[in-house]
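The values are calculated or read from the model by the stated rules, or taken from the named source; none is laboratory data. Note that the coordinates shown come from a computational prediction; the quantities given were computed from them, not determined experimentally. Here Cβ is always computed from backbone atoms with ideal geometry, including for glycine, and neighbour counts include all displayed protein chains. The area values use the complete protein model at the heavy-atom level, side chains included, leaving out ligands, DNA and RNA. Shrake-Rupley method; radii C 1.70, N 1.55, O 1.52, S 1.80 Å.
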Amino acid sequence: QVQFVESGGGLVQPGGSLRLSCEASGSIFNKYAMGWYRQVPGKQRELVAGILPGGYTNYLDSVKGRFRVSRDNAKSTMYLQMNSLKPEDAAVYYCNRQYEPLEVWGQGTLVTVSS
């Protein structure tokens, strides 16, 4: 059974940085495009960044130039480097397949941006 474990969230001041990690168990990771998603209460989950197995990346317009997604296929781990964080980036961040996300989601990792 596939599992996603997100980590690295926390409280950061506006303008600060965080690095999130996503470990994916099972045989899913190397075959698929993976994505970072975020969700705030009362809103739908949105795709923030995606990365193909070969490394091609794409980003939500509002995070372009500030966030960078990367992956280590050997470790079945994906990362999200978040710089110049803004209050509107605060959310619970999740990882899953970028296309056709699996029904199983991890617990997510909470990012709080506040002074």
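Quick one: ranking Leu102, Leu110 by accessible area, 1.4 Å probe, largest first, what do you get? Don't skip to the end; give the middle numbers.
Working: Leu102 45, Leu110 105 Å².
Most to least solvent-accessible, the answer reads Leu110, Leu102.
Using modelled backbone amide H atoms (1.01 Å from N, in-plane), which distant-in-sequence or interchain residues come within less than 5 Å of Leu60's amide H?
Ala49
Under 5 Å between amide H atoms, partner at least 5 residues away or on a different chain: which partners does Ile28 have, H built in plane at 1.01 Å?
Here nothing satisfies the definition.
Given a Förster radius of 35 Å and the C-beta distance between Tyr56 and Gln107 as r, what FRET efficiency does 1/(1 + (r/R0)^6) yield to the nearest 0.05?
Numbers: r = 28 Å, r/R0 = 0.80.
Rounded to the nearest 0.05, the efficiency is 0.80.
To the nearest 20 debye, what charge dipole does the chain have about its Cα centre, counting +1 at the Cβ of each Lys and Arg and -1 at the Cβ of each Asp and Glu?
Values: 12 positive and 9 negative charges, 44 e Å.
Rounded to the nearest 20 debye, it is 200 debye.
Which value in Å does the Kirkwood hydrodynamic radius of the range 1-84 take, with 1/r averaged over all unlike C-alpha pairs and then inverted? Let's see the in-between values first.
Working: mean 1/r = 0.0743 Å⁻¹.
The answer is 13.5 Å.
Can you tell me which lysines have their Cα less than 23 Å from the Cα of Lys31? Leave out same-chain residues fewer than eight positions away.
Output for Lys31: Lys75.
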